Every structure is written in structure tokens, then in C-alpha cells.
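Take a look at the structure set out below.
The values are calculated or read from the model by the stated rules, or taken from the named source; none is laboratory data. If you're wondering where the values come from, they're calculated on a predicted model, not measured in any experiment. All Cβ positions, even for glycine, are placed from backbone atoms using ideal geometry, and neighbour counts span all protein chains on display. Side chains included, ligands, DNA and RNA excluded: accessible areas come from the protein's heavy atoms. Shrake-Rupley method; radii C 1.70, N 1.55, O 1.52, S 1.80 Å.
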Amino acid sequence: MSEDLKGSVALVTGASSGIGEATARTLAARGAKVALVARRVEKLEKLASEIAGHGHTALAIEADITDQQQAIDAVKRTVGDFGRLDILVNNAGVMLLGPMADAPTEEWDRMIDINLKGLLYMTHAAVPHLREAAGDSPRGVSDIVNISSVAGRVASAGAGVYNLTKFGVGAVSESMRQEWSKDRVRITIIEPGAVSTELTDHLRPEIRDSVRARFDDIKALEAHDIAEAIEYAVTRPAHVSINEILIRPTAQK
Ligand SMILES: NC(=O)c1ccc[n+]([C@@H]2O[C@H](COP(=O)([O-])OP(=O)(O)OC[C@H]3O[C@@H](n4cnc5c(N)ncnc54)[C@H](OP(=O)(O)O)[C@@H]3O)[C@@H](O)[C@H]2O)c1
């Protein structure tokens, strides 16, 4: 595999499992140094050792990105250790589904705090470094990749506040694109359908069973399928900005 991200530094939130973990592996294999950010630091450390075992470089950073200071510190630590930041993958997220009428509203707070505020805090802390990196990188650009969802394009009963957060990711991404295109900071929205990860583990049991039953008869995407889409976006030439990628399992309605 060509190491055309050599010299670049990527930060991936939610790197302790699922799509973030697969993305960190993929970007490291393309030569980027990768900062791994999440709360379960032991998982991050295991992944960092695995990446090091393949001759690449990764750094485990424990952070709860809903806390703005921890988000700022995660970016500072990345730039302190690796000297720069070229690619931010805003991937950390939760999907807590169920009818709105009887929802525990603490689930709404968690989705808004992680899926929206966490993404905003990370972006705000990272963007000065991303602008600088675009100016002095051989790639000539830097990248923000925001993970939305099919649920960021199609709303449905039982997904209301998750829809709200992911439609929000789409809206703020387009605003970011218009604000930072002149700085050569590219913005990509990735919108996966069902991916086989830990995402549904956090649902209330009665909701979890019905959500999983809906997808029983289809072959879901794997986390690496999404990592490959992210890899594609960030390895395009400087004049090409992949703004949006919608990826469903073939059999998903
Ligand atoms: N799986 C799907 O079908 C699917 C479809 C569309 C979109 N997505 C989106 O893809 C993204 C990744 O999800 P996934 O499917 O890979 O699920 P996952 O395996 O549950 O991964 C979620 C990641 O987010 C991290 N995270 C959660 N809260 C955090 C916090 N407060 N601070 C820092 N990190 C936090 C988790 O790490 P810690 O618990 O260690 O902090 C974990 O690494 C999410 O934005 C999700 O909405 C997933």
C-alpha cells in the first residue's frame, strides 16, 4: 500500500471501536501518524501497540470530548507530540433510538453532547492547526471528515433526536466547507447505513431487539468499508474535495 500520507498527522475520535478503530488502522497504514482519542484508554493503547507492530505510529489519548477542555487538550497533545495536525476525523458518536414521547431525556443530552458539541469542540480546537497544515503540507490541503449517517438524510419515527444530531452534522459541515474552502481545509461528510459495530449495544434492551431485528436479514457494512471511503476522500489530489459520501449495505431499504 502506498504511504502517501507520510508526514501527515491524523486525529480520530472514537478510535476505541468500530469505524474509528478501522479508520485509525487504515490511515496509519497509509503512512499518517495517528492520534487515537476516546474514553476507553486501554483499548486505545492496545490499538496503538498493534499499529506500532506494523511499523507505523499512533498515540493513545484518553479524552471525553463532551468536555471542551479535554477536547482542547487532546488536540494540544497531538500537536505537541507529532508537531502538526492535517486530518481530523470527527467520528465519536452515540445512537440512542426510541419513541420521543417516553424517552429518557438524558439520552437526548448524551446524543447532543457527543454527536454535536463534541464534534464542534474538536473542530474549534483543531482548525487553526488544520489551516496551518494546509499551508505547509506537501499535500497542499488538510481535511475534516465528519461522520453523519443515512439518518442525517432521512428522518424516521423512533430516531428523532439522532436524526436531529446527524442532520445537524450535515448542516454545519456545509457551513464549514464554505468558511474554510479558501484556507484549503476540505470538508467531507460520510453517511453510513447499517455498519456492524458496538453502536447498538448502548440502546435500551427492548429497543435494541427491535432495531437489530430490522437488520437481521441483511448483510451489514463492516467498519473497514467506511474506513476505505474516508481513506479515499483524504487521499485525493489537492484540487479535489469529496464533499459527501452516502454508503448503504446493498440490501438496506
Ligand atoms: N454503526 C452504524 O451502523 C453507523 C451508521 C451510521 C453512522 N454511524 C456513526 O459512526 C460513528 C462511529 O460509530 P460506530 O458505529 O463505530 O460505533 P461504536 O463502535 O460504538 O463507536 C463509537 C465510538 O465513540 C466513542 N465515544 C463515545 N462517547 C465518547 C466521548 N464522550 N468522548 C470520546 N469518545 C466517545 C466511543 O469510545 P469510548 O466509549 O471509548 O469513549 C467509540 O470509540 C458514530 O458517529 C455513529 O453515529 C454508525
About its Cα centre, what dipole magnitude does segment 164-253 give when the only charges are +1 on Lys and Arg Cβ and -1 on Asp and Glu Cβ, stated in debye to the nearest 20? 280
Do the sum for the chain: with -39,500 (n - 2.57) for every DSSP H run of n ≥ 4, divided by all residues, what is the mean residue ellipticity at 222 nm, to the nearest 500 deg cm²/dmol? -13500 deg cm²/dmol
Over segment 15-172, calculate the relative contact order: mean separation of alpha carbon pairs under 8 Å at least 6 apart, over the residue count, as a percent. 20
Accessible area per residue, Å², the chain with all protein chains present, probe 1.4 Å: 46
Counting only protein heavy atoms and using a 1.4 Å probe, what share of the accessible area of segment 72-222 belongs to carbon plus sulfur, as a whole percent? 55
Contour minus Cα-Cα distance for D109 and K219 (0.36 nm per residue): 36.5 nm
Starting with the highest mean, order 220-230, 170-180, 196-206, 19-29 by the number of other Cβ atoms within 10 Å, averaged over the residues of each peptide. 19-29, 220-230, 170-180, 196-206
Just G80, G160, G18 to compare: in a GNM of the chain, with alpha carbon springs under 10 Å, which one fluctuates most? G80
How much accessible surface area, in Å² rounded to 10, belongs to the heavy atoms of E132 with a 1.4 Å probe? 120
Using heavy-atom solvent-accessible surface (probe 1.4 Å) with all chains present, what is the largest-first order of D64, D216? D216, D64
With A134 itself left out, Lys, Arg at +1 and Asp, Glu at -1 over residues whose Cβ is under 15 Å from its Cβ give +2
Show me the ranking of peptides 98-105, 85-92 by mean Cβ neighbours inside 10 Å, starting with the highest. 85-92, 98-105
Positive-end residue of L97, S17, L5, charge dipole of the chain with Cβ unit charges: L5
Quick one: dipole size for segment 39-170, taken about the Cα centre, charges +1 on Lys/Arg Cβ and -1 on Asp/Glu Cβ, in debye to the nearest 20. 340
If each residue of separation counts as 0.36 nm, what is the full-extension length gain between R39 and M100 once their alpha-carbon separation is subtracted? 19.2 nm
